[in-house]
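Asks: One structure is given below, represented as structure tokens, and several questions about it will come after.
The values are calculated or read from the model by the stated rules, or taken from the named source; none is laboratory data. Just so you know, these numbers come straight off a predicted model, no measurement behind them. Ideal geometry is used to build each Cβ from the backbone, glycine not excepted, and the neighbour counts take in all protein chains shown.
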Amino acid sequence: MSDCIIVGGGVIGLLTARQLFLEGVDVLLLEKGPLGGESSWAGGGIVSPLYPWRYDDAVNVLAERSKKIYPELTKALLEETGQDCEFINSGLFTVIDHGQDEILAWADNWSLAASYIDDIKTIHDIESAVGDVVDKGIWMPDIMQIRNPKLVKALKASFDHLSIPYRQQSPVEEIIVENNKVTGVRTRQQTYLADKVVIASGAWSAQFSATESCVDVLPVKGQMIMYKGEPDLVKRIVLSEGHYVIPRKDGRILAGSTLEKIGFDKSVSTDALDELHEAAVELVPLLNDLPVERQWAGLRPGTEKGIPYICQHDDVEGLYVHAGHFRNGIVLGAASAELMADIVTGRETRCDVTPYTMRAAH
Ligand SMILES: Cc1cc2nc3c(=O)[nH]c(=O)nc-3n(C[C@H](O)[C@H](O)[C@H](O)COP(=O)(O)OP(=O)(O)OC[C@H]3O[C@@H](n4cnc5c(N)ncnc54)[C@H](O)[C@@H]3O)c2cc1C
């Protein structure tokens, strides 16, 4: 018997289980496939929401807290496991054509470094590879990125290093509830008993709907392509009209992403390849000369406003929901896990949790 079972081994489940374990909770993580093989692997790893000024404060509070946690967390993971998550500063240049005063006031309010730049020379000093469409926008020099496939690999290595219990290839088929109280979960192979269960199943979190209150999370497919380049060919993250380019440390360059609400479908299409390539080449023309090495799709755990569930379930004692991080599971993950641990252990929470409850608008 464990104190707490975490259902799902994406970045949200991994960070939650690790946090609880480090606080002395006897955890068990169950994952239906390999750890970190879904959205958490497929994402871009920008440690900021895109257009953060468009989001509710509930999202930005977590994003800002995560930004403070990641330097320590990635250092700890490196020391524990030897795995480098490539948590690096890239800055983020966002092309905009209006609203700069409101955006700068917003950034000032959150104490974020941001400036509006509309002269080409300064833009080229920041990133020489950009094309003509990048002619004015908001420059945020402190935005970091994390190489998310390496983050999940480091977290898995940390589980092995710290002996945090987990099982892969173990799909949870049922959360066992007796008299409105959780008693455990059932996989095809086995029943596991626990007083507490956390649903951290990403886009699949609505599957456990044996109760009246529902978890309103839907899969939103995102396709991505990756070019094979040389280190430092492109240095900055550049974003325009929802399309972005992310340069990795080893010279790979990601271009994303589509937003497709078509259910649990992870196929990739030539239409998406063409759309992403065309947008990427507009942002960074030299990409036209680089080979596309890979194309993939991931299923974001989508919610309407992008505000995740971080809460005790409304109807079932001992059941918790940690899901719905939509486009921001990497940037929100570290702070979100910390908050979930506050809730699961029953101590005072470090911020107002009302926006993350089941009754709030997500
Ligand atoms: C193209 C793309 C780009 C993105 N870019 C960024 C970005 O730049 N920055 C950012 O912060 N975020 C980004 N995201 C979003 C981010 O990746 C997600 O919000 C995050 O990965 C969600 O993590 P998760 O653990 O909730 O979900 P997942 O990683 O999907 O993990 C959920 C896990 O639950 C498991 N599971 C499901 N059902 C069961 C079951 N019954 N039993 C056991 N296990 C189960 C699944 O197998 C899966 O491994 C991006 C996403 C995509 C797709």
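Asks: Considering only the stretch 284-305, how many residues are over 16 Å from Gln207 (Cα atoms) and more than 9 Å from the ligand (Cβ to nearest atom)?
Replies: Matching residues across the stretch 284-305 total 14.
Asks: Would the stretch 328-350 turn up any residue that is at pLDDT below 95 and within 16 Å of the ligand (Cβ to nearest atom)?
Replies: no
Asks: State all residues of the stretch 114-161 that are of a type in the set (Phe, Trp, Tyr) and surrounded by fewer than 18 Cβ atoms within 10 Å (Cβ to Cβ); if no residue qualifies, say none.
Replies: Tyr116
Asks: Taking into account only those residues within the stretch 249-259 that are more than 10 Å from the ligand (Cβ to nearest atom) and not hydrophobic (A, V, I, L, M, F, W, C), which is surrounded by the fewest Cβ atoms within 10 Å (Cβ to Cβ)?
Replies: The residue in question is Asp250.
Asks: Looking at Ile12, Ile5, can you tell me which residue is in a strand (DSSP E or B) and not polar (S, T, N, Q)?
Replies: The unique qualifying residue is Ile5.
Asks: Moving to a separate point now. Listed residues Glu23, Glu80, Glu31, Glu86; which is in contact with a Gly (Cβ under 7 Å, 6 or more places away or on another chain), over 23 Å from Ser240 (Cα atoms) and of a type in the set (Asp, Glu)?
Replies: Glu31
Residue by residue, here is whether (1) more than 11 Å from the ligand (Cβ to nearest atom); (2) among the aromatic types (Phe, Trp, Tyr) holds:
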{"position": "Asp3", "(1), (2)": "yes, no"}
{"position": "Lys32", "(1), (2)": "no, no"}
{"position": "Trp41", "(1), (2)": "no, yes"}
{"position": "Leu78", "(1), (2)": "yes, no"}
{"position": "Gly82", "(1), (2)": "yes, no"}
{"position": "Phe93", "(1), (2)": "yes, yes"}
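Asks: Is there a residue in the stretch 199-215 that is farther than 26 Å from Cys85 by Cα, in contact with a helix residue (DSSP H, G or I) (Cβ under 8 Å, 6 or more places away or on another chain) and at pLDDT below 95?
Replies: The answer is yes, given that some residue of the stretch 199-215 is farther than 26 Å from Cys85 by Cα, in contact with a helix residue (DSSP H, G or I) (Cβ under 8 Å, 6 or more places away or on another chain) and at pLDDT below 95.
Asks: Kindly indicate the residue of the stretch 148-187 that is closer than 21 Å to Ala17 by Cβ and in a loop (DSSP other than H, G, I, E, B) and also nearest to the ligand (Cβ to nearest atom) among those meeting that condition.
Replies: It comes out as Pro171.
Asks: Oh, and also: For residues that are closer than 20 Å to Gly45 by Cβ and of a type in the set (Phe, Trp, Tyr), scanning just the stretch 199-248, find the one that is surrounded by the most Cβ atoms within 10 Å (Cβ to Cβ).
Replies: Checking each candidate, the answer is Tyr227.
Asks: Could you tell me how many of the residues in the stretch 6-30 are more than 13 Å from the ligand (Cβ to nearest atom) and among the hydrophobic types (A, V, I, L, M, F, W, C)?
Replies: Residues that pass the stated criteria total 5.
Asks: Give me the pairs, please: first residue somewhere in the stretch 87-101 and within 16 Å of Asp135 (Cβ to Cβ) and in contact (Cβ under 8 Å) with a residue 24 or more places away in the chain, second residue anywhere and buried (at least 17 other Cβ atoms within 10 Å of the Cβ) and of a type in the set (Lys, Arg), beta-carbon distance under 6 Å, and either six or more positions apart or on two chains.
Replies: What qualifies is Phe93/Arg236.
Asks: Oh, and also: Sort through Ser90, Ser111 and tell me the only one that's buried (at least 18 other Cβ atoms within 10 Å of the Cβ), closer than 30 Å to Gly324 by Cβ and either among the charged types (D, E, K, R) or within 26 Å of the chain's Cα centre (by Cα) (or both).
Replies: Answer to the selection: Ser90.
Asks: Quickly run through the stretch 47-72 and pick out the residues that are of a type in the set (A, V, I, L, M), within 13 Å of the ligand (Cβ to nearest atom) and under 22 Å from Met340 (Cα atoms).
Replies: Listed by number, the residues that qualify are Val47, Val59, Leu62, Ala63.
Asks: Hey, Val197 hits all of (1) under 25 Å from Ile96 (Cβ atoms); (2) among the hydrophobic types (A, V, I, L, M, F, W, C); (3) touching a Leu at 6+ places or on another chain (Cβ under 7 Å) but one; which does it fall short on?
Replies: (1)
Asks: Looking only at the stretch 292-304, decide whether some residue is surrounded by fewer than 22 Cβ atoms within 10 Å (Cβ to Cβ) and at pLDDT below 95.
Replies: yes
Asks: For residues in the stretch 305-362 being without any contact (Cβ under 8 Å) to a residue 60 or more places away in the chain, out of contact with any helix residue (DSSP H, G or I) (no Cβ under 8 Å at 6 or more places or on another chain) and within 21 Å of Leu29 (Cβ to Cβ), which is surrounded by the fewest Cβ atoms within 10 Å (Cβ to Cβ)?
Replies: Gly346
Asks: Further question on the same structure: Of all residues in the stretch 21-43, how many are among the hydrophobic types (A, V, I, L, M, F, W, C) and farther than 23 Å from Gln190 by Cα?
Replies: 3
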